[in-house]
1. Looking at (1) over 24 Å from Leu132 (Cα atoms); (2) within 13 Å of the ligand (Cβ to nearest atom), which one does Leu76 not meet, given that it meets all the others?
2. It is to be established whether one or more residues within the stretch 209-223 are assigned to a strand (DSSP E or B) and either within 11 Å of the ligand (Cβ to nearest atom) or at negative phi (or both).
3. What is the number of the single condition among (1) farther than 20 Å from Ala219 by Cα; (2) more than 11 Å from the ligand (Cβ to nearest atom) that Pro157 does not meet?
4. Residues to consider are Pro217, Pro189, Pro154; find the one that is closer than 25 Å to Gly131 by Cβ and of a type outside the set (Gly, Ala, Ser).
5. Tally the residues that are under 12 Å from Ser50 (Cα atoms) and surrounded by fewer than 23 Cβ atoms within 10 Å (Cβ to Cβ), restricting the search to the stretch 143-154.
6. Spot the failing condition for Leu98; the list is (1) within 16 Å of the ligand (Cβ to nearest atom); (2) surrounded by fewer than 18 Cβ atoms within 10 Å (Cβ to Cβ); (3) in contact (Cβ under 8 Å) with a residue 40 or more places away in the chain, and only one is missed.
7. Evaluate the stretch 60-70: report whether one residue or more is in contact with a strand residue (DSSP E or B) (Cβ under 7 Å, 6 or more places away or on another chain) and either small (Gly, Ala, Ser) or modelled with pLDDT of 95 or more (or both).
8. Determine, yes or no, whether Leu152 is within 12 Å of the ligand (Cβ to nearest atom) and under 26 Å from Leu210 (Cα atoms).
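The values are calculated or read from the model by the stated rules, or taken from the named source; none is laboratory data. Note that this is a predicted model, so its numbers are computed, not measured. Reconstructed Cβ throughout: ideal geometry from the backbone, glycine too, with neighbour counts over all protein chains shown.
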Amino acid sequence: MKMPDMPLPDGVTLESGEDPQEVAEALAADVARFLVQRLERADRASLVVSGGSTPLPFFRALSQVDLDWSRVDVLLADERWVPEGDPASNTTLVRENLLQNKAADANFLSLKQVGATPEEGLPRVRSALAGLKLPLDVLILGMGNDGHTASLFPDAPELPDAMDLESRDLVLAMNPPSQAQQRITLTRPVLAGARYTALHLKGNDKLDTLAAAMARPEAIMAMPVRAFLKPGLKVFWSP
Ligand SMILES: O=C(O)[C@H](O)[C@@H](O)[C@H](O)[C@H](O)COP(=O)(O)O
């Protein structure tokens, strides 16, 4: 694939192409290879995906892959606190596009549980995730142009807790004033421990944001995605 001319932090790789579909398929093939390897060594594997608009072709490509999906636990890195079926629901996006075809046998662990607010729903979300083994196996992150990833938003009052590497919380409620919906997110220590991490980006604007994130690696609270620009990260980008 063609690479944009961009210096990357040590150990971070970039795969890029002109065609978003082709890049999504390359990511799906890479993820599938990793999942198959994990399933040779472990009873189950976890696959953590992000919502938003970028992952749709990746979900559809991955859903066609032949592997033992009955041993894969799928969950979201973050969710908007809206009912299933709402156009903003990441759960609905995943159910309709990833948990289909060959992947219909996967076990889905939902971050959206009963409760008027994410704070109220947290105990049920923790119960839903009780069987999840850490470290996570595969993590696919997205990124917003404010430098958020998952629901680690720079303007969320809960950000210091969610970014705390000493925190033992698996999930936290997030209330960023910039967002239309309340959120729930896996915390940084959980996300950052994943065995395989990819950052899936689409659009020239995202490349500019990535360059801005790389320019000041230490300022992670201003752009939380910076916390994930570390050795082993695979960036997949298309215009
Ligand atoms: O629920 C969400 O919104 C996310 O999980 C979020 O972190 C997303 O990955 C980025 O905002 C990128 O979103 P786009 O793919 O729509 O640009």
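1. Against the list (1) over 24 Å from Leu132 (Cα atoms); (2) within 13 Å of the ligand (Cβ to nearest atom), Leu76 comes up short only on (1).
2. No - not one qualifying residue is present in the stretch 209-223.
3. Among (1) farther than 20 Å from Ala219 by Cα; (2) more than 11 Å from the ligand (Cβ to nearest atom), the lone unmet condition for Pro157 is (1).
4. Pro189
5. 1
6. Leu98 satisfies all of (1) within 16 Å of the ligand (Cβ to nearest atom); (2) surrounded by fewer than 18 Cβ atoms within 10 Å (Cβ to Cβ); (3) in contact (Cβ under 8 Å) with a residue 40 or more places away in the chain except (2).
7. Checking the stretch 60-70: not a single residue is in contact with a strand residue (DSSP E or B) (Cβ under 7 Å, 6 or more places away or on another chain) and either small (Gly, Ala, Ser) or modelled with pLDDT of 95 or more (or both).
8. Yes; evaluated as a whole, the condition is true for this residue.
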